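Trainee: Next up is a structure, given as structure tokens.
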Amino acid sequence: MIKHDIKKRKAAKRKARVRGRVVGTSDRPRLTVAKSLKHIYAQIIDDEKKVTLAGASSLVKDVAEKITAKKMKKTQVAVLVGETIASQALAKGIKKVAFDRNRNLYHGRVKALAEAVRKAGLEF
């Protein structure tokens, strides 16, 4: 078996395991985090209505300008994205979310984003 296929299959199993436990409702939507080698993305999703309520990433114009101006490291960018998504959520009246780390470990950039969201005022 090709090593890349095995890695993809294991990642899909981890994602399914996490998503089996985490569900977003109208009262408590799901905060999902995705990351690539260069960027990080966060969305707040209501799974019952199948609607994205808020979204932020390192590619959004406001965030990207701050990143290039200060030449931030990846974990600092994750903190900035976390603060951005939290401010959007609080503006829409969302105070509690269910955290979905996807297939990623709760470590590094994912942990930095989660802690920034908590510090900004969201509960999970």
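The values are calculated or read from the model by the stated rules, or taken from the named source; none is laboratory data. Values in this document were obtained by computation on a predicted structure and should not be read as measured data. Every residue, glycine as well, gets a Cβ built from its backbone with ideal geometry; the counts of neighbours run over all protein chains shown. Surface areas here come from the heavy atoms of the whole protein model, side chains and all, with no ligands, DNA or RNA. Shrake-Rupley method; radii C 1.70, N 1.55, O 1.52, S 1.80 Å.
Trainee: Only helices at least 15 Å long along their axis, Cα-based, and averaging 0.0 or more on Kyte-Doolittle count here, so list those DSSP H runs from the chain.
Mentor: Sorted by number, the helices that extend far enough and score high enough are 74-91.
Trainee: Assign unit charges at the C-beta atoms only (+1 for Lys and Arg, -1 for Asp and Glu), then state the dipole size of the chain relative to its Cα centre in Debye, rounded to the nearest 20. The partial results should precede the final answer.
Mentor: Details: 32 positive and 11 negative charges, 170 e Å.
With only Lys, Arg, Asp and Glu charged at Cβ, the dipole is about 820 debye.
Trainee: Computing the accessible area with a 1.4 Å probe over protein heavy atoms, can you report the carbon and sulfur percentage for the chain? All intermediate terms of the calculation are to be shown ahead of the outcome.
Mentor: Numbers: 4320 of 8060 Å².
Ligands and nucleic acids excluded, carbon and sulfur give 54 percent.
Trainee: Hey, another quick one. For the range 27-86, compute the number of Lys pairs whose alpha carbons are separated by less than 21 Å, excluding pairs fewer than 8 positions apart on the same chain.
Mentor: Number of lysine pairs found: 17.
Trainee: Stretch residue 23-residue 10 to full length: gain in nm at 0.36 nm per residue minus the Cα-Cα span?
Mentor: Fully extending the segment from residue 23 to residue 10 adds 2.5 nm.
Trainee: Per residue, how many Å² of accessible area does the chain show with a 1.4 Å probe?
Mentor: For the chain, the per-residue accessible area is 65 Å².
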